[in-house]
Amino acid sequence: MRKYLMLIISILALATNTFAQNAEQVFKAAVDKLKAYDNIEIAFDYRMINTTAGIDELMTGTGHLQGDSYKLNIAGQEMICNGSTLWTYMPDSQEVMVSSVDSEDGGSPLSIINSYYDNINAKFLSGSDPSKTTIEVTPKGKDENFNKLVVVAETKTMNLKEVHLFDNNGSEFVYSITKFITNQILPDNFFIFNEEDYPGAEIIDMR
């Protein structure tokens, strides 16, 4: 599930002014531009829908991305990763889970989106609103989690507005970007967990 989240956060950051000849070129140009930023700050609205299970949940999230490092706040959890170690703080239980970064964690958002760079098919979808461009992205091979993505951007600027992810269990995850800032000056220890900032929290090292 965390790999899902990392992928979506990455795609949310694909705000681009690049025009290209076809949908796959648009998607790849956006990835190339994303990787060129020193760092990215985003905020987004998140909605999970599963009609069969009667689920319709809405929440907000924020995050910072920089290379293999990231800091994310969503679903009542704070995740801090320096590229090799992941700290997950759960305020309700006052616990901090410490783990090594591996494929199960999904790595950084930027590395995950790059892993899909050469393994997707993309096409434009027609819509009634000419001010928006919609791109459908699907994996070339079978993916155990994700079925397809539908990306909605402003036609004039190609700035990203929404991402809809459809998984293989019939759920739809909708992410709407509300803030996008790049190339900020961040402290050297920004992506390092500081125990003094979480007084009373129990540290559980699972490495």
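Just the residues that are open to solvent by 40 Å² or more (accessible area, probe 1.4 Å) and small (Gly, Ala, Ser), please, taken from the range 68-90.
Ala75, Gly76, Ser84
Looking only at the range 21-38, count how many residues are at pLDDT below 75 and either acidic (Asp, Glu) or within 11 Å of Ile135 (Cβ to Cβ) (or both).
Adding up the residues that qualify gives 3.
Looking at the range 155-175, can you tell me whether even one residue there is in a strand (DSSP E or B), over 22 Å from Val31 (Cα atoms) and open to solvent by 70 Å² or more (accessible area, probe 1.4 Å)?
Among the residues of the range 155-175, not one is in a strand (DSSP E or B), over 22 Å from Val31 (Cα atoms) and open to solvent by 70 Å² or more (accessible area, probe 1.4 Å), which makes the answer no.
I need the full set of residues from the range 91-107 which are open to solvent by 50 Å² or more (accessible area, probe 1.4 Å) and among the hydrophobic types (A, V, I, L, M, F, W, C), in order please.
none
Going by the structure shown, is Asp45 open to solvent by 50 Å² or more (accessible area, probe 1.4 Å), modelled with pLDDT of 80 or more and in a strand (DSSP E or B)? Quick ask: steps written out before the conclusion?
Working: open to solvent by 50 Å² or more (accessible area, probe 1.4 Å): yes; modelled with pLDDT of 80 or more: yes; in a strand (DSSP E or B): yes.
Taking the combined requirement at face value, the residue satisfies it.
Return the residue satisfying two criteria in turn: it lies in the range 54-71 and is part of a loop (DSSP other than H, G, I, E, B) and in contact (Cβ under 8 Å) with a residue 40 or more places away in the chain, and of such residues it is farthest from Asn169 (Cα to Cα).
Selected residue: Gly67.
The values are calculated or read from the model by the stated rules, or taken from the named source; none is laboratory data. Everything quoted here is computed from the prediction, not taken from an experiment. Note that each Cβ is placed from the backbone with ideal geometry, even for glycine, and that neighbours are counted across all protein chains shown. The protein model used for the area step is the full one, side chains on, heavy atoms only, and it has no ligands, DNA or RNA in it. Shrake-Rupley method; radii C 1.70, N 1.55, O 1.52, S 1.80 Å.
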